[in-house]
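**Q** Here it is: the structure, laid out below.
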Amino acid sequence: MPGFSEKDAIECKRDALPKLREAMRAARLAFPKRPIEAPSPFLDELSAPGVIASYLPMAGEADPALLEAAALARGWRLALPHVRGRRWPMRFLRWQPGDALEDGPFGLRQPAADAAEEAPDLVLTPLVAFDAALNRLGQGAGYYDRAFAALPAARRIGIAWSVQQVAALPAAPWDVPLHAVVTELGWMGEKRA
């Protein structure tokens, strides 16, 4: 269509995202929670110790605790996101179970601002929705997209409930797809060679 660019098409599709976010958040909250076990492809990701970034779940988000535990048992260091505000990039700060947490924006619990900053080798990320192409719909502030762009070598693994999978998500040029998603049903995505 003349005068209708690829960017215009992406924006039309993205206009529906607020309604999709609302519907997927409701589905996530209503979904009966089960532990998300560490599947063997995930354990393969942990062959050499490094830094794993995770998160503390909120508002029905899938809990990555068993995946974190598997990484810690294999000698990995753990980092959690630290958010200062919308104008600043999210940082990943060293944390281990039992360390103090402080209140952050958006209801987050996060490490103290003076904790050591880490460059994760693997990032476990919450999400609102995902598709078979491993596109991720987040909360909408772009924190993880900017973090992924700043950490191109890090493996990106979404943690979700299976009910959060949708047929397709619009992907803009700045969106960074995941390498895999782990749900209560198992692993979806690339496997390490």
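**Q** Considering only the range 111-193, what is the antiparallel percent among its DSSP beta bridges, to the nearest 5?
**A** Taking every DSSP beta bridge with both residues in the range 111-193, the antiparallel ones total about 45 percent.
**Q** In the range 41-193, what percentage of the DSSP-assigned beta bridges are antiparallel, given to the nearest 5?
**A** If I count the DSSP bridges inside the range 41-193, around 50 percent turn out antiparallel.
**Q** Tell me, what ³J(HN,Hα) does each residue in the range 157-165 have, in order and in whole Hz, if you take phi through Karplus 6.51 cos²θ - 1.76 cosθ + 1.60 with θ = phi - 60° and put x for Gly and Pro?
**A** 10, x, 10, 7, 8, 4, 5, 7, 7
**Q** Ok, one more. What helices does the chain have that are whole DSSP H segments, at least 24 Å long along their own axis by Cα, and with mean Kyte-Doolittle hydropathy of -1.0 or more?
**A** TM-like helix candidates: nothing returned.
**Q** Give the carbon-plus-sulfur fraction of the accessible surface of the chain in %, rounded to a whole number; probe 1.4 Å, heavy atoms of protein chains only. Can you show the working numbers first?
**A** Numbers: 5600 of 9950 Å².
Of the solvent-accessible surface of the chain, carbon and sulfur hold 56 percent.
**Q** Also, quick follow-up: What ranking, highest mean first, results for peptides 74-85, 96-107 when packing means the other Cβ atoms within 10 Å averaged over each residue?
**A** Packing proxy ranking, top to bottom: 74-85, 96-107.
**Q** Given contacts defined as C-alpha pairs under 8 Å and at least six residues apart, what's the relative contact order of the chain, whole-number percent? Don't jump to the answer; show the numbers that get you there.
**A** Working: 355 pairs, mean separation 43.3, N = 193.
Here the relative contact order equals 22 percent.
**Q** Quote to one decimal, in nm, the extra length available between ALA69 and LYS191 on full extension: 0.36 nm per residue of separation minus the C-alpha distance between them.
**A** Details: separation 122, 0.36 × 122 = 43.92 nm, distance 2.02 nm.
Between ALA69 and LYS191, full extension yields 41.9 nm more.
**Q** Which order, highest average first, do 122-128, 183-189 follow once you tally other Cβ atoms within 10 Å for each residue and take the mean per peptide?
**A** On the way: 122-128: 23.3, 183-189: 17.0.
By packing density, highest mean first, the sequence is 122-128, 183-189.
**Q** Same structure, new question: Take the alpha carbon atoms of the range 33-76, find their center, do the same for the range 118-138, and report the distance between the two centers in whole angstrom.
**A** 13 Å
**Q** Taking amide H positions as placed 1.01 Å from N in the peptide plane, with prolines and chain starts having none, which residues 5 or more places from ALA129, or on another chain, fall under 5 Å of its amide H?
**A** Result for ALA129 returns LEU137.
**Q** Just the accessible area per residue of the chain, please: how many Å² with a 1.4 Å probe? Working shown, then result.
**A** Numbers: 9950 Å² over 193 residues.
About 52 Å² of surface per residue is accessible.
The values are calculated or read from the model by the stated rules, or taken from the named source; none is laboratory data. Nothing here was measured: the structure is a model prediction, and the numbers come from that model. Don't worry about glycine lacking a Cβ; one is built from the backbone with ideal geometry, like all the others, and counts go over all protein chains shown. Note: accessible area is taken over every heavy atom of the protein model, side chains too, but ligands, DNA and RNA are not part of it. Shrake-Rupley method; radii C 1.70, N 1.55, O 1.52, S 1.80 Å.
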